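Novice: My structure is below; once you've seen it, I'll send some questions.
The values are calculated or read from the model by the stated rules, or taken from the named source; none is laboratory data. All values reported here derive from a predicted model rather than from experimental measurement. Cβ placement follows ideal geometry from the backbone for every residue including glycine, while neighbour counts extend to all protein chains displayed. SASA here: full protein model, heavy atoms, side chains in, ligands and nucleic acids out. Shrake-Rupley method; radii C 1.70, N 1.55, O 1.52, S 1.80 Å.
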Amino acid sequence: MSHNTFGHLFRVTTWGESHGAALGCVVDGCPPGLPLTAADIQYWLNRRKPGTSRFVTQRREADEVKILSGVFEDDRTEGQITTGAPISLIIENTDQRSKDYDDIRDLYRPGHADYTYDAKYGMRDYRGGGRSSARETAARVAAGAVARRLLTDVTIRAAVVQIGKVAIDRAKWNWDETENNPFWCPDADTAKLWEALLDDARKDGNSVGAIVEVEATGVPAGWGAPIYGKLDAELAGALMSINAVKGVEIGAGFATAGLTGVENADEMRAGADRKPVFLSNAAGGVIGGISTGQPIVARIAIKPTSSILTPRRTIDRDGQNAEISTKGRHDPCVGIRGAPVAEAMMACVLADAMLRHRGQTGR
Ligand SMILES: Cc1cc2nc3c(=O)[nH]c(=O)nc-3n(C[C@H](O)[C@H](O)[C@H](O)COP(=O)(O)O)c2cc1C
């Protein structure tokens, strides 16, 4: 199985399966001298880990990370720092319940990758979905934590802005609120509505989708590249690579098709330092593949969880018609735990862009 690596200068390879012994990543190309401890990484992993509320999977994983390589500390380093060598991170799986999957060993979950993995590889690890499980995204979040060490002047944060058909009221957006409810919701009133919506979905043996918005502020103008290295294209690819993501938009995204040129123009005024002050941000912080200095804004549409209790029609490995009802511990809305993953992918893409910008321009 190839294609487990992404990035150019800041290069991440993830490994491991849902019900294997462990999973992890190797971050190659991280510059030396950055402060980095397991606790720094753990902070971000704790935001993605399962079992934190009744609205996410009840799998109980501590998601405790160990740094196996790429760091060093002595009396001159003022704490543990990166050496420039590959940084290898490991997270053990401790709460697998592979028996939960016995019933669906030979059945394909509609919407999940069971059929396509079988079609491609002629076999699949059905225990938790193996490599297609979003357990893999823990490794992305760990890599994202390393990327954040490079991006000291950049703030990356995500919010869930829609669950099912219920969207937030953007006038009530308060970033602090995302830390006060189990949904990363920036609007306290909408978070209450989502509780009932998700309880109902779970009771009905069903699931719901979501939209996550991720933003990076503090990115200077000039990161990214034209043509085939466009920052928005790389961002879209990275976000689309997250499990269950079916749509990505940057800035005004699909709505730009309905805007006029007058409405879409991000007008500029001269700032005090002779740099532009933009009067709007339909571009989402990227023009011509290069950052404008405005916040970089992306939204991802995440489909409803495929593993649901409600019986669905399917076929088995022998091509016989069958019915499937998926038991086990699944997220009723994968978008919630998808928010920290979206932040991590944004961080990895931006760290890579930063290093390439520095490499090409010396700045
Ligand atoms: C954080 C997160 C958690 C997920 N948890 C589940 C889950 O519990 N059950 C499930 O069926 N899918 C879950 N998914 C989605 C599947 O991993 C995904 O749908 C599957 O790999 C097929 O790939 P695709 O949807 O990207 O095409 C999760 C996705 C994310 C981002």
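Novice: Quick one: grab Rg to one decimal and Dmax as a whole number for the stretch 1-154, Cα atoms only, in Å.
Specialist: 17.3, 58
Novice: Report the accessible area of R358, computed with a 1.4 Å probe over the heavy atoms of all protein chains in place, in Å² rounded to the nearest 10.
Specialist: 110 Å²
Novice: Moving on to the next point. Would you calculate a helix-derived [θ] at 222 nm for the chain, using -39,500 (n - 2.57) for each DSSP H run of n ≥ 4 and dividing by the full residue count, to the nearest 500?
Specialist: -8000 deg cm²/dmol
Novice: Can you give the Kirkwood hydrodynamic radius for the chain, in Å, rounded to one decimal and based on Cα pairs?
Specialist: Roughly 21.6 Å, rounded to one decimal.
Novice: Sticking with this structure for a sec: Using +1 on the beta carbon of Lys and Arg, -1 on that of Asp and Glu, and nothing else charged, what's the dipole of the stretch 1-78 about the Cα centre, debye to 20?
Specialist: 540 debye
Novice: Do the alpha carbons of any pairs in K230/K275; K49/K192; K49/K120 sit beyond 26 Å of each other, and which pairs?
Specialist: K49/K120
Novice: For K49, what accessible area in Å² do you get when you roll a 1.4 Å probe over the heavy atoms of the protein chains, rounding to the nearest 10?
Specialist: It works out to around 60 Å².
Novice: Shifting gears a bit: Would you work out if the stretch 112-253 is rounded, prolate or oblate? Take a ≥ b ≥ c from the square roots of the eigenvalues of the alpha-carbon gyration tensor; rounded if a/c is under 1.5, else prolate when a/b is larger than b/c, oblate otherwise.
Specialist: Cα axes put the stretch 112-253 in the oblate bin.
Novice: Right, next: Rounded to the nearest percent, how much of the accessible area of the stretch 210-332 (1.4 Å probe, protein heavy atoms only) is carbon and sulfur?
Specialist: The computed percentage sits at 56.
Novice: With the other protein chains left in place, how much accessible area per residue, in square angstrom, belongs to the chain at a 1.4 angstrom probe?
Specialist: 48 Å²
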